[in-house]
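A short write-up of the structure that comes next.
The values are calculated or read from the model by the stated rules, or taken from the named source; none is laboratory data. Every value quoted in this text rests on a predicted model; they were computed, and no experiment measured them. So basically every Cβ, Gly included, is an ideal-geometry build from the backbone, and we count neighbours across all protein chains shown.
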Amino acid sequence: MQFQYILFKTSRAAFICISVFLHPNLLLDDPKPPGPIELEQNIPGTVTLCWTPSPDEKRDDRLHYMVSKRDSFKRTWRTVADNLFNNKFTVVNVMPGREYYFRVFAKNDIGLSPPSEPPVFSLKKEKEKFKVDMPQIKALDFKSPPSFIIPLKRRTAPDGYECYMSCAVKGDPAPYVTWYHNNISLNTNTNYHITNVCGVCSLLILRVGPKDSGEYKVVIENKLGNAESSMTLNVRE
């Protein structure tokens, strides 16, 4: 916002004329709410929200979103994400046996929009068993060192979006899996969501940034040996 002051003076009084220039994309009211929310569950224990942008998003480059949730055990709404400049967010620590409600607000420099319609998401405690078609094992089959069925692959991800990488491993006994970023172990880093289900090892970065660029490596080990696979992640601005 720019201001121009012009002073007019007479013999009795002084008058000030103020001209105000407004940015053409600046909204002078609370934004309109975003559209309906769609829910997806790609990884156990998480749910991804996708919503239709607010009609004001194209008119205001400072408009962003806030996500809140509540569950059937806690009746209060809690903010789980703010300052989102995209239309997608993954919520973690989703527990079976509870119903979850989600709302998305649009925000600008003036204020907050009404919330979107809250969809309901729930997981049954008795989940269907994960089934993997395994090859038949011969009676005289012996224990084997770890190896990769599908190695890591090079990835490029936009800045601010989620990034998912995975590989498939085998070995008997089942190998111990360790993830590294630039040779630093990630297994105890809570900024990454790491899973290993029936030999499918995955790592989820909810919102990548330039600091996440570099080499990612998976090392698998059992008492018969070890193996590793690596890839490079490039974050595109």
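Tell me which of these residue 104 doesn't satisfy, since it passes every other one: (1) modelled with pLDDT under 90; (2) in a strand (DSSP E or B).
So the condition that residue 104 fails would be (1).
Hey, could you check region 74-98 for residues that are in a strand (DSSP E or B) and in contact (Cβ under 8 Å) with a residue 40 or more places away in the chain and say which is nearest to residue 36 (Cα to Cα)?
Among residues in region 74-98 that are in a strand (DSSP E or B) and in contact (Cβ under 8 Å) with a residue 40 or more places away in the chain, the one nearest to residue 36 (Cα to Cα) is 88.
Working only within region 29-50, note down all residues that are in a strand (DSSP E or B) and under 19 Å from residue 99 (Cβ atoms).
Here is the first cut: in region 29-50, the ones in a strand (DSSP E or B) are 37-40, 47-50.
Matches in region 29-50: 37, 38, 39, 40, 47, 48, 49.
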